[in-house]
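These notes concern the structure reproduced below.
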Amino acid sequence: TQYTLSITVSDGTNTSIAENVTINITESLAKCTTLLTPTNGEIDVAIDTDLSWNAISNADGYLIRVGTTSGGNDIEDNTDLGNVTTYDFSNDLPQNTIIYVTVIPYNSIGNYTACIEEIFRTEVIKNTTKFGFSPDGDGINEFWKIQGIEDYSNNVVSIFNRWGDLVFKIKSYDNDQNVFIGEANRGINLGAGELPEGTYFFKIDIPEKNNLNLSQGFVIIKR
């Protein structure tokens, strides 16, 4: 934007006007931001972490690129978040993985493309599963969550009652659609359907090498 400035000087009796001066004011691009959580280089970051970064004063919004390789975008591909400084992933991040994040501020001039990529490493899941859940319809802890199993789609999960009868079996357990909600899908003559509360036993079969440290144990249904 161009402005013309006139300067008037007066000592009380004499007044003079200086030559007009032209001033050009140009809006600059937004500058780079920095991750606040997790911080660059942080390790053992929770797989359900959110992202936050410092605000840039002349930014109109932010793009975000997230991947599991440098320059990658397999998690987020230049997603336009608008003028916010936090981001909540829709799914848990993969465990024990370096995550590469680039936050790109933008305004009416364009995107600030010189921002560096920042990284952090996610945690190693030490517990395979929560050992209890409560399918009582309150929307909280309604199914059995097996931490990290969604990373191994070629899995088979089996549930047995205390007498060793198979009451539930499913392939490709994913903590989303294919889950155990306390209902049997095996053994019609043994009372298939809603299972009573109590202790049950599980077996997890995954043919490939994996980071799950438990392949069998117990799970408790509490109604």
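The values are calculated or read from the model by the stated rules, or taken from the named source; none is laboratory data. In this text, all values refer to a predicted model and were calculated from it rather than measured experimentally. Cβ placement follows ideal geometry from the backbone for every residue including glycine, while neighbour counts extend to all protein chains displayed. The area values use the complete protein model at the heavy-atom level, side chains included, leaving out ligands, DNA and RNA. Shrake-Rupley method; radii C 1.70, N 1.55, O 1.52, S 1.80 Å.
Of all residues in segment 41-66, those being over 27 Å from ASP151 (Cβ atoms) and touching a Gly at 6+ places or on another chain (Cβ under 9 Å) number 3. Among the residues of this structure, LEU212 does not count as one that is touching a Lys or Arg at 6+ places or on another chain (Cβ under 7 Å) and surrounded by 14 or more Cβ atoms within 10 Å (Cβ to Cβ). Residue count for segment 32-51 satisfying the condition of being open to solvent by 20 Å² or more (accessible area, probe 1.4 Å) and within 14 Å of GLU118 (Cα to Cα): 9. Taking the criterion of being modelled with pLDDT of 95 or more and more than 20 Å from ILE43 (Cα to Cα), the residues of segment 84-96 that qualify are VAL84, THR85.
Residues in segment 48-91 that are charged (D, E, K, R) and outside any strand (DSSP E or B): ASP48, ASP60, ASP74.
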